[in-house]
Amino acid sequence: MTSAFHSLLRRGLGAAIAVGLTLCLILTAFGNSVEAARSGMSGNYVNDTVSVAQKLEETIALPNDSENRSTAEDEALKLITDYISRYRNRSEVNGTVSFTTMQTALNSMAGHYKTFANRPLPDDLKDRLSKELTKAEMIVTREG
């Protein structure tokens, strides 16, 4: 009788664990989609590209001694991550010249901010980023 009870208890515990793990997986999936919805991207590639390019150009234009530079750089990194995460895996977008140009600029900017967190963007990098962001903005408006 004791072994039957242990067997029943073991089955019940196994089922409870399985249900608990299933619920965790389901809730995690929903949690990720909610987080993606909060990214600030509209889902319209043309509008998002223009918006991101303009916001990053504003960040690049900030003076090196600006009090808001650190906050602006953190926001730029979040924006870059949101943009790349949203469009990198979309085959209708990731093969376009505008996306490739944007990705090059975004990788350069994020790389500098992550590697040299306390240093402002060098002038030559600022110039290159401005040119690439402007180019991507012009291309995407023609493509879209």
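All of the numbers you see were taken from the coordinates with simple rules; none came from a lab. All figures in this text were calculated on a predicted structure; none of them were measured in a lab. As a convention, Cβ positions derive from the backbone with ideal geometry for all residues, glycine included, and neighbour counts pool all protein chains shown.
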If we scan the stretch 72-79, do we find a residue that is in contact with a Leu (Cβ under 6 Å, 6 or more places away or on another chain), in contact (Cβ under 8 Å) with a residue 40 or more places away in the chain, in a helix (DSSP H, G or I) and closer than 22 Å to Asn118 by Cα?
no
Which numbered condition Leu121 fails, given (1) more than 18 Å from Gln54 (Cα to Cα); (2) surrounded by 13 or more Cβ atoms within 10 Å (Cβ to Cβ)
(1)
In the stretch 52-91, anything farther than 21 Å from Arg128 by Cβ and over 14 Å from the mean Cα position of the chain (by Cα) is listed as Asp65, Glu67, Asn68, Ser70, Thr71, Ser91
Can you name the residue in the stretch 48-71 that is of a type outside the set (Val, Ile, Thr) and over 24 Å from Asn118 (Cβ atoms) and, of all such residues, is surrounded by the fewest Cβ atoms within 10 Å (Cβ to Cβ)?
Gln54
If you go through the stretch 86-100 one residue at a time, do you hit one that is in a helix (DSSP H, G or I), over 19 Å from Thr141 (Cα atoms) and not aromatic (Phe, Trp, Tyr)?
no
